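Note sheet for the following structure.
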Amino acid sequence: MKSVKSQLDQINMTIREACEKSGRSVEDVKIIGVTKYVSPSRTKEAIDAGIKHIGENRMEGLLHKQETILRDQAKWHFIGSLQTRKVKEVLPHIDYLHSLDRLSLAKEIEKRLTDHVLDCFVQVNVSGEESKHGISLEDVIPFMHELKEFKHLRIIGLMTMAPFTDDQELIRHVFRRLKECQLEVQNMKIENAPCTELSMGMSNDYRIAIEEGATFVRIGTALVGKDIE
Ligand SMILES: *Cc1c(COP(=O)(O)O)cnc(C)c1O
């Protein structure tokens, strides 16, 4: 398996190119190293290579990594769908939630948080694929209105997953729609929804996502590979 460092060099080059092409600044794009397919030691290697954000899609994987890696050695992102009954247990372990997709989840988070505010992304299913989690584009604005009352949630952005396809233009279209939606939310000027971020782009499509405005790219296989499962 190639070193994380060499993979990261490659990824940083792609990010630089995508930023140049779209007139963006590289400082505005952050890499979340998605470690769901790798061991704690490989995760540690990513942190040593300079990765500051770690993403996990399951509670068990997250807790397992945090047995080896100190809580404050990285920013921890929960990127998978979150069951309401797991909220209480997961909250102390995460800095960002990428999968806010229903009111009942927001209510539970609000109930469990007392002394800090959680940075959240609202997950949007732009493509309408049935297999994907997230709310539809039309529901984003009404959902933002509903979220206003939750003082312990800060909606820092929107998150999406592109459809599983080779059609690059379709993927680009999905990312572009999310960007347009982000601008609409920003225009609402809701106090707890600055919505300055866009979490989009994975190993196969992060270049396109950056060209379309991603501020967080969630990269697993292309960065750390797979060493478990
Ligand atoms: C697994 C996963 C990723 C990373 O996928 P790769 O294709 O391995 O880069 C990104 N986002 C979410 C929500 C994931 O579940």
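Each reported figure results from applying straightforward, stated rules to the coordinates on display, with no laboratory input. Quick caveat: nothing in here was measured; it's all calculated off a predicted structure. We place every Cβ from the backbone using ideal geometry, glycine too, and count neighbours over all the protein chains shown.
Below are the figures for this structure:
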item	result
Pair residue 71, residue 189: separation of 7 Å Cα→Cβ label points (nm)	3.8 nm
Space enclosed by the convex hull of the alpha-carbon atoms of the stretch 149-229, per residue, Å³	119 Å³
Evaluated over the stretch 2-109, the Cα radius of gyration and Dmax, each in Å	15.5, 44
Dimensions in Å of the chain - Rg and Dmax from alpha carbons	16.9, 48
Dimensions in Å of the stretch 81-198 - Rg and Dmax from alpha carbons	14.2, 45
Candidates per trypsin sites (Lys or Arg not before Pro) in the stretch 16-89, loop by DSSP, up to 13 other Cβ within 10 Å	52
Charge dipole (debye, nearest 20) of the chain; +1 at Cβ of Lys and Arg, -1 at Cβ of Asp and Glu	500 debye
